[in-house]
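Novice: One structure is given below, represented as structure tokens, and several questions about it will come after.
The values are calculated or read from the model by the stated rules, or taken from the named source; none is laboratory data. Since we're looking at a predicted model, the values are computed, not measured. So basically every Cβ, Gly included, is an ideal-geometry build from the backbone, and we count neighbours across all protein chains shown.
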Amino acid sequence: MVSTFPNSPSINSAQIRLEIRALQSQLVKWRRGIHQRPELGFQEKLTAELISQQLQAWEIEHQTGIAETGIVAIVDSDRPGPVLAIRADMDALPIQEENEVSYRSQHEGKMHACGHDGHVAIALGTAYYLSQHRQDFRGKVKIIFQPAEEGPGGAKPMIEAGVLKNPDVDAIIGLHLWNNLPLGKLGVRSGALMAAVECFRCHIFGKGGHGAMPDQTIDSVVVSAQIVNALQTIVARNVNPLDSAVVTVGELHAGTALNVIADTAQMSGTVRYFNPALESFIGKRIEEIIAGICQSHGATYKLDYWQLYPPVINDKNIAELVRSVAIEVVETPVGVVPECHTMGGEDMSFFLQEVPGCYFFLGAANPEKGLAYPHHHPRFDFDETALAMGVEMFVRCVEKFCR
Ligand SMILES: [Zn+2]
Ligand SMILES: [Zn+2]
């Protein structure tokens with residue numbers, strides 16, 4: 001029978017799927033084991049131990065202790081060919097889990113509330129499968145287990161430690177289990193997928209005094225209020241309306257009593273955008289607005305502004321390869337959605353600045369099973385059926401790229 005789908009799965013791909021589905025219970029076991037013992041960024045010792053033990057058991061060459069707890073494994077086909085890297089992050093969050101499940105976090109105040117436990121399980125499953133099927137690809141697959149994605153960021157120190165070199169990586173892929181997409185869907189797009197993350201902290205210095213005698217003071221609360229409002233005009237009036245951007249003031253602190261004019265105020269916030277050209281622009285506008293308003297009131301300020309992560313930008317060709325694989329995996333083009341970009345950030349961006357690649361979203365929500373809480377929520381959990389799908393995505397990308 002002739003299939004109507006453009007990339008109809010071959011007998012070989014049906015076999016790949018069958019073999020990967022057979023790993024499902026093991027994938028769940030790894031994921032739940034890691035879920036029970038969540039570790040924060042650069043402290044992923046137990047997680048790294050589990051990864052290393054497994055790689056050792058499968059005789060996969062690997063190096064541990066990169067950027068504290070990171071691991072790089074190489075599955076070699078023993079034949080010349082390209083080098084594809086697969087990246088999985090390993091860290092948990094400082095959140096107290098509220099799920100009543102058998103695999104609930106046993107580490108007080110820590111939780112895998114973003115799905116990185118699943119990412120490690122998927123990467124392990126991929127490493128195992130590839131080690132058993134070295135004849136099905138050429139070149140090498142480098143699997144990067146990265147610490148501290150949630151901050152302060154493990155990607156950059158891993159790159160500085162040379163994980164993209166020797167052998168030099170030609171392209172990199174990675175995925176995020178994604179509760180903003182239902183199970184069975186994949187989010188793949190070329191260009192910007194996730195936003196740049198920048199942060200600022202500002203102190204406003206006025207002159208305190210009696211709440212009934214404002215003429216003798218410089219009111220840091222009034223100055224701050226004007227700044228908070230004016231900062232919103234950067235997105236509304238300075239950024240090209242066709243570019244997406246966010247300026248959020250998340251903290252504003254001032255004053256100690258209702259009848260006292262506060263001499264200082266502090267505010268902090270975050271900036272997000274996709275277009276790398278905005279990197280120097282928004283920060284500059286923030287300072288101009290703060291300086292201008294402070295000057296008009298006789299106040300002074302101290303501003304700290306820094307970039308946490310650049311935007312996650314996918315390479316056109318690698319994104320096309322991932323998209324074609326995704327259509328095979330979900331068996332229908334409508335299951336692969338490009339409208340999945342988000343103003344959230346990710347330090348996968350640092351890898352993508354070095355080598356072409358594609359980061360994509362693996363739909364994992366299942367509202368019927370109550371698995372639809374957002375990432376970073378104390379009740380976050382995902383449908384584990386997505387784990388095998390993640391392995392299948394990686395394996396098929398390897399077989400398509402490494403030939
Ligand atoms: Zn997260
Ligand atoms: Zn995450």
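Novice: Taking the stated definitions as given, is Phe351 within 16 Å of ligand 2 (Cβ to nearest atom), assigned to a helix (DSSP H, G or I) and within 20 Å of Ile122 (Cβ to Cβ)?
Specialist: On the way: within 16 Å of ligand 2 (Cβ to nearest atom): yes; assigned to a helix (DSSP H, G or I): yes; within 20 Å of Ile122 (Cβ to Cβ): yes.
Yes, satisfied.
Novice: For the range 135-181, what are the residues that are away from ligand 2 (no atom under 13 Å from the Cβ) and under 13 Å from the mean Cα position of the chain (by Cα)?
Specialist: Answer for the range 135-181, where residues must be away from ligand 2 (no atom under 13 Å from the Cβ) and under 13 Å from the mean Cα position of the chain (by Cα): Pro152, Ile173.
Novice: A follow-up question, please. Which residues, counting only those in the range 355-381, are within 16 Å of ligand 2 (Cβ to nearest atom) and either within 20 Å of Val322 (Cβ to Cβ) or at pLDDT below 95 (or both)?
Specialist: Of everything in the range 355-381, those that are within 16 Å of ligand 2 (Cβ to nearest atom) and either within 20 Å of Val322 (Cβ to Cβ) or at pLDDT below 95 (or both) turn out to be Tyr359, Phe360, Phe361, Leu362, Gly363, Ala364.
Novice: So is Leu84 away from ligand 1 (no atom under 16 Å from the Cβ) and under 21 Å from Ala48 (Cβ atoms) or not? Spell out the reasoning first.
Specialist: Numbers: away from ligand 1 (no atom under 16 Å from the Cβ): yes; under 21 Å from Ala48 (Cβ atoms): no.
No: the conditions fail for Leu84.
Novice: Please go through the range 151-179 and give me each residue that is surrounded by 15 or more Cβ atoms within 10 Å (Cβ to Cβ) and acidic (Asp, Glu), ordered by number.
Specialist: Asp170
Novice: Taking Gly115 as the residue in question, decide whether it is touching a strand residue (DSSP E or B) at 6+ places or on another chain (Cβ under 9 Å), modelled with pLDDT of 95 or more, closer than 18 Å to Met393 by Cβ and within 16 Å of ligand 1 (Cβ to nearest atom).
Specialist: Here the answer is yes, as Gly115 does meet what is asked.
Novice: Moving to a separate point now. Name the one entry in Arg21, Arg79, Arg87, Arg104 that is charged (D, E, K, R) and surrounded by 19 or more Cβ atoms within 10 Å (Cβ to Cβ).
Specialist: The unique qualifying residue is Arg87.
Novice: I need the full set of residues from the range 82-95 which are within 11 Å of ligand 2 (Cβ to nearest atom) and not in a strand (DSSP E or B), in order please.
Specialist: Met90, Asp91, Ala92
Novice: Quick check: anything in the range 45-57 modelled with pLDDT of 95 or more, surrounded by 14 or more Cβ atoms within 10 Å (Cβ to Cβ) and assigned to a loop (DSSP other than H, G, I, E, B)?
Specialist: Looking through the range 45-57, none of the residues is modelled with pLDDT of 95 or more, surrounded by 14 or more Cβ atoms within 10 Å (Cβ to Cβ) and assigned to a loop (DSSP other than H, G, I, E, B).
Novice: Separate question: Is at least one residue of the range 298-307 surrounded by fewer than 16 Cβ atoms within 10 Å (Cβ to Cβ) and touching a His at 6+ places or on another chain (Cβ under 6 Å)?
Specialist: Yes: one or more hits.
Novice: Somewhere in the range 67-81, is a residue touching a residue at least 24 places away in the same chain (Cβ under 8 Å), away from ligand 2 (no atom under 16 Å from the Cβ), assigned to a strand (DSSP E or B) and of a type in the set (D, E, K, R)?
Specialist: The answer is yes, given that some residue of the range 67-81 is touching a residue at least 24 places away in the same chain (Cβ under 8 Å), away from ligand 2 (no atom under 16 Å from the Cβ), assigned to a strand (DSSP E or B) and of a type in the set (D, E, K, R).
Novice: Exactly one condition in (1) within 16 Å of ligand 2 (Cβ to nearest atom); (2) on the phi > 0 side of the Ramachandran plot is not met by Ala113; state its number.
Specialist: Going through (1) within 16 Å of ligand 2 (Cβ to nearest atom); (2) on the phi > 0 side of the Ramachandran plot one by one, Ala113 breaks only (2).
Novice: Please tell me if Glu251 is at pLDDT below 95 and either assigned by TED's automatic domain parsing to the domain that holds Leu352 or not hydroxyl-bearing (Ser, Thr, Tyr) (or both).
Specialist: On the way: at pLDDT below 95: no; either assigned by TED's automatic domain parsing to the domain that holds Leu352 or not hydroxyl-bearing (Ser, Thr, Tyr) (or both): yes.
Taking the combined requirement at face value, the residue does not satisfy it.
Novice: Is it true that some residue in the range 67-81 is closer than 20 Å to Val163 by Cβ and hydroxyl-bearing (Ser, Thr, Tyr)? Walk me through it before giving the result.
Specialist: Filtering the range 67-81 down to residues closer than 20 Å to Val163 by Cβ leaves 67-77, 81.
Applying the additional criterion that residues be hydroxyl-bearing (Ser, Thr, Tyr) yields 69, 77.
Yes: the range 67-81 contains one or more residues that are closer than 20 Å to Val163 by Cβ and hydroxyl-bearing (Ser, Thr, Tyr).
Novice: Got a sec? Which of Glu346, Glu354, Glu328 is of a type in the set (D, E, K, R) and touching a Lys or Arg at 6+ places or on another chain (Cβ under 9 Å)?
Specialist: Details: Glu346 fails: touching a Lys or Arg at 6+ places or on another chain (Cβ under 9 Å); Glu354 fails: touching a Lys or Arg at 6+ places or on another chain (Cβ under 9 Å).
The conditions single out Glu328.
Novice: When you scan the range 135-168, how many residues do you find that are in contact with a helix residue (DSSP H, G or I) (Cβ under 8 Å, 6 or more places away or on another chain) and more than 16 Å from ligand 1 (Cβ to nearest atom)?
Specialist: Final tally of qualifying residues: 9.
Novice: Between a first residue in the range 376-403 that is among the aliphatic types (A, V, I, L, M) and a second residue that is in a loop (DSSP other than H, G, I, E, B), which pairs have beta carbons less than 7 Å apart while being 6 or more apart in sequence or on different chains?
Specialist: Ala386/Leu183; Ala388/Leu23; Val391/Leu23; Val398/Phe137
Novice: Among the numbered criteria (1) surrounded by 24 or more Cβ atoms within 10 Å (Cβ to Cβ); (2) more than 21 Å from the chain's Cα centre (by Cα); (3) farther than 25 Å from Asp315 by Cβ, which single criterion is violated by Asp117?
Specialist: Answer for Asp117: the failing condition is (2).
Novice: Now a separate question. Out of all the residues in the range 260-317, which are touching a residue at least 60 places away in the same chain (Cβ under 8 Å) and assigned to a loop (DSSP other than H, G, I, E, B)?
Specialist: Hits for the range 260-317 are Phe274, Asn275, Gly298, Ala299, Pro310, Pro311, Asp315.
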